[in-house]
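Trainee: Shown below is the structure under consideration.
The values are calculated or read from the model by the stated rules, or taken from the named source; none is laboratory data. Note that the structure is a prediction, hence the values are computed from the model and not measured. Note that we place each Cβ from the backbone using ideal geometry, even for glycine, and neighbour counts take in every protein chain shown.
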Amino acid sequence: MRVLVALVLLFLLAAGAAAGFLWYSIEKPFGKIPPEGVFVQIPHGASRRTVAHILKQDGVIRSAIGFEIYARRHAKRTPVAGEYFFEHPLTGKEAFWKLANGEVYVQAFTVREGDTLFDIAQNLEAEKLMKAVDFLKAASDPGPVHDIAPNAKSLEGFLFPATYNLPRHESAADLASMMTRKFREALQRIAPDELDPLIPGTPLLSVVTLASLVESETPKPEERTLVAGVYTNRLRKGMLLQCDPTVIYALKQADHYNPPLTLKDLRYDSPYNTYVHSGLPPGPIGNPGESAIRAALAPAPTDFLYFVANTQGGHFFASTLAEHNKNVAKYHRLLNGEPADPPATEARHTHAAGSAHKGKR
């Protein structure tokens, strides 16, 4: 009898110890996370038991059995597949909910309004997300937008500016597709119906190209419809657009850009150079944001044909060359720290000569 009692007591003690250990493994942090942290990959379709063994093997939890029991007690919640980063010790309970809530590891990457595909590629490599050459290869394939822009030569213009949360091993092709999906979402907000009724006969590629010029010229949202109006007016009149950023884009394509722009640069022979070739360039020169696309779709009804920088981040606009030349003179006076308008006596003797192009110089 005494032996039986002793065995029962031993069993109860063992059961209690096991229960205590399982409770401890779930409720208390496990301290084997190295200073650099631990990445754990949870595959698709992994069972609770498989997840528990992966976490135990990678030193994240104290007990695989304790984790599995806790997970089964919450049968309606299952670990989400993906890569997770553990930077400090967690309890088994915390580890479970991290996976059940799908808190996968991501890195934020921002595409700014006006960034070119070359800018994006360089920034991805600088942030050690992927090689620039891999992204350039993916972005050179216009396939993802072929249905809406059949004449696009690349994804330039369709890589929508936004902040993207990327896993560590995102592929260049998947990222490019993600960016073009964002573009389509923006287009649905801007023009939920077909574009043709809004601008009859104007293909989407032309709209995005115009928007990229607008984006490159002014950071001020309130000016974008005016800039779009200037370019639209010049296109109607058959005037050269004379957009400095198109020259910069052409030079960067050929790896010849060395700022600032020179008169020789303005004569650079490229289909993107709007000082040499009339009409819009053959494609976008960057990736415009929503505001610039809206401006390209609905330019301001204006008589303006020219604009020049005002040294305050905005521009002076003009309808005639004579007025534009006066604005150019204002710009140079402001650069020299002088008042925008000359004294009255000086103004009477000032000729209207000056730069004839509409740019920022």
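Trainee: Touching a residue at least 60 places away in the same chain (Cβ under 8 Å), among the aliphatic types (A, V, I, L, M) and farther than 21 Å from Phe304 by Cβ: does that describe Leu280?
Mentor: No; evaluated as a whole, the condition is false for this residue.
Trainee: Please find, within segment 126-154, the residue that is nearest to Ser171 (Cα to Cα) out of those that are under 14 Å from the mean Cα position of the chain (by Cα) and not aromatic (Phe, Trp, Tyr). Walk me through it before giving the result.
Mentor: Of the residues in segment 126-154, the ones under 14 Å from the mean Cα position of the chain (by Cα) are 127, 129, 135, 139.
Going one step further and asking which of them are not aromatic (Phe, Trp, Tyr), we end up with 127, 129, 139.
Numbers: Glu127: 15, Leu129: 9, Ala139: 12 Å.
For segment 126-154, the residue satisfying everything is Leu129.
Trainee: Would you call Gly286 in a loop (DSSP other than H, G, I, E, B), closer than 15 Å to Glu217 by Cα and in the same structural domain as Val208 (by TED's automatic domain parsing)?
Mentor: Taking the combined requirement at face value, the residue satisfies it.
Quick grid of which residues meet (1) surrounded by 14 or more Cβ atoms within 10 Å (Cβ to Cβ); (2) under 23 Å from Leu159 (Cα atoms):
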residue	(1), (2)
Val230	yes, no
Gly238	no, no
Thr246	yes, yes
Ala254	no, yes
Leu266	yes, no
Tyr272	yes, yes
Pro282	yes, yes
Ile285	yes, yes
Pro288	yes, yes
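Trainee: Could you please find all residues in segment 322-334 being touching a strand residue (DSSP E or B) at 6+ places or on another chain (Cβ under 9 Å) and either surrounded by fewer than 16 Cβ atoms within 10 Å (Cβ to Cβ) or of a type in the set (D, E, K, R) (or both)?
Mentor: Scanning segment 322-334 gives Glu323, Lys326, Lys330.
Trainee: Assess whether Arg48 counts as being surrounded by 15 or more Cβ atoms within 10 Å (Cβ to Cβ), within 38 Å of the chain's Cα centre (by Cα), under 19 Å from Glu27 (Cβ atoms) and of a type in the set (Lys, Arg).
Mentor: yes
Trainee: Also: Can you give me the number of residues within segment 298-314 that are out of contact with any strand residue (DSSP E or B) (no Cβ under 8 Å at 6 or more places or on another chain) and crowded, with 20+ Cβ neighbours inside 10 Å? Before you say what the answer is, go through the steps one by one.
Mentor: Taking segment 298-314 and keeping what is out of contact with any strand residue (DSSP E or B) (no Cβ under 8 Å at 6 or more places or on another chain), we get 298-301, 303, 311-314.
Of the ones still in play, those that are also crowded, with 20+ Cβ neighbours inside 10 Å are 299.
Residues flagged as out of contact with any strand residue (DSSP E or B) (no Cβ under 8 Å at 6 or more places or on another chain) and crowded, with 20+ Cβ neighbours inside 10 Å within segment 298-314 amount to 1.
Trainee: Does Ala162 satisfy the condition of being among the small types (Gly, Ala, Ser) and within 11 Å of the chain's Cα centre (by Cα)?
Mentor: Working: among the small types (Gly, Ala, Ser): yes; within 11 Å of the chain's Cα centre (by Cα): yes.
Spelling it out, Ala162 is indeed among the small types (Gly, Ala, Ser) and within 11 Å of the chain's Cα centre (by Cα).
Trainee: Can you confirm whether Asn151 is touching a strand residue (DSSP E or B) at 6+ places or on another chain (Cβ under 9 Å) and closer than 19 Å to Ile285 by Cβ?
Mentor: Values: touching a strand residue (DSSP E or B) at 6+ places or on another chain (Cβ under 9 Å): no; closer than 19 Å to Ile285 by Cβ: yes.
When the stated conditions are applied, Asn151 does not pass them.
Trainee: Return only the number of the condition from (1) over 25 Å from Thr246 (Cβ atoms); (2) at pLDDT 95 or above; (3) within 38 Å of the chain's Cα centre (by Cα) that Ala295 does not satisfy.
Mentor: With (1) over 25 Å from Thr246 (Cβ atoms); (2) at pLDDT 95 or above; (3) within 38 Å of the chain's Cα centre (by Cα) applied to Ala295, the lone miss is (1).
Trainee: Restricted to segment 54-98, and to residues that are more than 38 Å from the chain's Cα centre (by Cα) and free of Cβ contacts under 8 Å to residues at least 24 places away in the same chain, which residue is surrounded by the fewest Cβ atoms within 10 Å (Cβ to Cβ)?
Mentor: Within segment 54-98, the match that is surrounded by the fewest Cβ atoms within 10 Å (Cβ to Cβ) is Ala75.
Trainee: List the pairs whose first member sits in segment 104-120 and is charged (D, E, K, R), whose second member is part of a helix (DSSP H, G or I), and whose Cβ atoms are under 6 Å apart, counting only residues at least 6 apart or on separate chains?
Mentor: Pairs that qualify, where the first residue is charged (D, E, K, R) and the partner is part of a helix (DSSP H, G or I), are Glu113/Glu215.
Trainee: Identify all residues within segment 266-292 that are closer than 18 Å to Leu240 by Cα and hydrophobic (A, V, I, L, M, F, W, C); write none if there are none. Steps first, please.
Mentor: Pass one, segment 266-292, residues closer than 18 Å to Leu240 by Cα: 266-285.
Across segment 266-292, the qualifying residues are Leu266, Val276, Leu280, Ile285.
Trainee: Restricting the search to segment 113-133, which residues are surrounded by 15 or more Cβ atoms within 10 Å (Cβ to Cβ) and part of a loop (DSSP other than H, G, I, E, B)?
Mentor: Across segment 113-133, the qualifying residues are Glu113, Gly114, Asp115, Thr116, Leu129, Met130.
Trainee: Among the residues of segment 292-318, write down those that are in contact (Cβ under 8 Å) with a residue 40 or more places away in the chain, more than 16 Å from Thr209 (Cβ to Cβ) and not in a loop (DSSP other than H, G, I, E, B).
Mentor: If the condition is that a residue be in contact (Cβ under 8 Å) with a residue 40 or more places away in the chain, more than 16 Å from Thr209 (Cβ to Cβ) and not in a loop (DSSP other than H, G, I, E, B), then Tyr306, Phe307, Val308, Ala309, His315, Phe317 are the ones that fit.
Trainee: Let me ask another. Kindly provide the set of residues from segment 244-263 that are modelled with pLDDT of 95 or more and more than 24 Å from the chain's Cα centre (by Cα), ordered by number.
Mentor: Within segment 244-263, the first condition is being modelled with pLDDT of 95 or more, and the residues that meet it are 244-251.
If the condition is that a residue be modelled with pLDDT of 95 or more and more than 24 Å from the chain's Cα centre (by Cα), then no residue fits.
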